[in-house]
1. Looking at LEU323, LEU245 in this structure, which one is in contact with a strand residue (DSSP E or B) (Cβ under 8 Å, 6 or more places away or on another chain) and buried (at least 16 other Cβ atoms within 10 Å of the Cβ)?
2. Can you name the residue in segment 108-127 that is surrounded by fewer than 18 Cβ atoms within 10 Å (Cβ to Cβ) and under 21 Å from TYR47 (Cα atoms) and, of all such residues, is modelled with the lowest pLDDT?
3. Name the single residue, out of those in segment 186-197 being in a helix (DSSP H, G or I) and crowded, with 16+ Cβ neighbours inside 10 Å, that is nearest to the chain's Cα centre (by Cα).
4. Considering LYS93, LYS132, which residue is touching a residue at least 12 places away in the same chain (Cβ under 8 Å), in contact with a helix residue (DSSP H, G or I) (Cβ under 8 Å, 6 or more places away or on another chain) and basic (Lys, Arg)?
5. Looking at segment 348-358 only, could you name the residues that are touching a residue at least 60 places away in the same chain (Cβ under 8 Å) and crowded, with 19+ Cβ neighbours inside 10 Å?
6. With respect to VAL140, determine if the residue is of a type outside the set (Ser, Thr, Tyr), buried (at least 16 other Cβ atoms within 10 Å of the Cβ) and over 30 Å from TYR57 (Cα atoms).
7. Scan segment 53-90 residue by residue and report those that are out of contact with any Asp or Glu (no Cβ under 8 Å at 6 or more places or on another chain), over 23 Å from TYR255 (Cα atoms) and not polar (S, T, N, Q).
8. Taking only pairs six or more apart or across chains, which ones have beta-carbon atoms under 9 Å, a first residue in segment 270-286 that is within 18 Å of GLY74 (Cβ to Cβ), and a second residue that is charged (D, E, K, R) and in a helix (DSSP H, G or I)?
Amino acid sequence: MTTIIDKKEEECDVAQPEIVYEVNVLRGAIALLPMKHLFDIAVTFYYDETDNVRKYYLKETGTNEQIDKHFVLGGLMLKEGATTLDIKELREKLKIAEELEEIKSKHIYNGDLLKALDRKDINLFLTWILDKDVYIHYSVINLYYYSLVDIIDSIIDEELYLFHIHLKNDLYQIAKTNHNQFNSILYKFNYPNISHDDATNFLVEIREYISQNKLETTPYIDLLIEKMEDERISELPFIQDEEDLILLKNLSQFYYYPIYTFINSKHIFDHEKQIEENHFNRVKFTKDGNILTSFEFKDSKDDSMIQLSDCMVGLVSRFYKFLDEFDGSISSLEQQLNDRQKNNLKTLCKIIKKSVDYNETIIHMIVPFKEKQNYDKIVTHYSK
């Protein structure tokens with residue numbers, strides 16, 4: 001499920017009044033879903049994050065961060081009545097030095113996904129997690145993709161809406177192929193704040209770039225090119241009257257999402273000073289006028305479940321970066337992996353499947369269609 005959250009949300013600093021969110025309003029879209037009951041679970045979510053870019057923006061040389069950044073917020077989840085995991089047991093298996101106050105992902109693996117999967121310690125960690133009465137949960141956001149989808153939403157009409165997921169995917173695949181060139185066009189027009197006078201010129205340059213960089217794997221893009229030739233398009237509602245060059249002002253919306261989505265659950269976040277001070281300090285969530293007290297921030301040194309969440313989300317981020325570039329060939333991947341990598345990938349996919357089988361809504365993705373396809377393909381194959 002993809003939830004659309006207002007990108008215009010302002011930062012909440014000490015100069016601003018208190019902001020109150022009524023969760024019944026925020027959950028309006030959930031009430032329309034056939035699986036709305038799945039959001040009513042009463043569990044405990046533990047969180048850490050990775051690739052927290054704080055702010056994502058364009059500059060003359062491109063984006064301020066690499067375009068493969070995947071922000072992940074998530075970790076481990078315990079069912080009601082389940083006990084927290086005994087991290088001492090895992091520390092002994094991993095031979096973690098006693099003087100280390102906490103376990104972090106760097107103590108278990110490093111490098112990209114394939115390098116991480118080739119580590120003995122990752123096998124110990126993943127096997128231990130799989131055997132426990134615990135699940136993983138996360139929101140993963142492909143930041144560059146998320147920054148571009150408003151182009152499609154500003155152009156398509158009712159006729160093309162059926163193809164919007166494919167059009168967004170195709171635009172993303174083409175944009176990242178020669179991202180320096182594409183980003184230079186965005187920068188030239190102060191994207192995502194295209195002036196009303198520049199709307200036509202912006203579409204002309206984007207159309208020319210797309211036409212010159214079409215791929216065999218982007219079959220829907222001709223529909224977009226044809227639509228961009230429509231001279232009646234004079235307004236681009238989602239990429240006008242915004243802030244020059246700011247692709248993502250902050251990540252607060254992704255912290256808010258699980259709080260109002262899983263309102264019967266408890267949410268324990270790792271301390272994140274910037275998020276706490278700017279986006280939670282003067283924010284309250286209410287349900288029927290009553291203030292929610294279902295979330296808190298804790299120091300990871302004092303909470304072993306947050307430490308374990310750090311180890312998990314780092315691997316999830318690497319997994320999705322791999323999915324973003326994966327060509328879709330399982331047979332080719334099988335030839336590429338050694339036995340240790342295969343076994344560890346199988347264990348990771350079994351953990352994911354175990355969690356999705358428990359409740360599909362605890363895995364939340366804002367990623368291109370191709371990336372989601374690759375996720376389905378790999379998890380299905382390796383979780384058998």
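1. Going through LEU323, LEU245 in turn, just one is in contact with a strand residue (DSSP E or B) (Cβ under 8 Å, 6 or more places away or on another chain) and buried (at least 16 other Cβ atoms within 10 Å of the Cβ): LEU245.
2. That would be ASN110.
3. Looking at the filtered set, the residue picked out is LEU186.
4. LYS93
5. If the condition is that a residue be touching a residue at least 60 places away in the same chain (Cβ under 8 Å) and crowded, with 19+ Cβ neighbours inside 10 Å, then LEU348, ILE351, ILE352, SER355 are the ones that fit.
6. no
7. LEU58, LYS59, GLU60, GLY62, GLY81, LEU85, ASP86, ILE87, LYS88, GLU89, LEU90 - these are the residues of segment 53-90 that are out of contact with any Asp or Glu (no Cβ under 8 Å at 6 or more places or on another chain), over 23 Å from TYR255 (Cα atoms) and not polar (S, T, N, Q).
8. Listed by first residue and then by second, the contacts come to ASP270/ASP310.
The values are calculated or read from the model by the stated rules, or taken from the named source; none is laboratory data. Keep in mind the model is a prediction, meaning the values are calculated, not measured. Cβ atoms come from the backbone with ideal geometry, glycine included; neighbour counts cover every protein chain shown.
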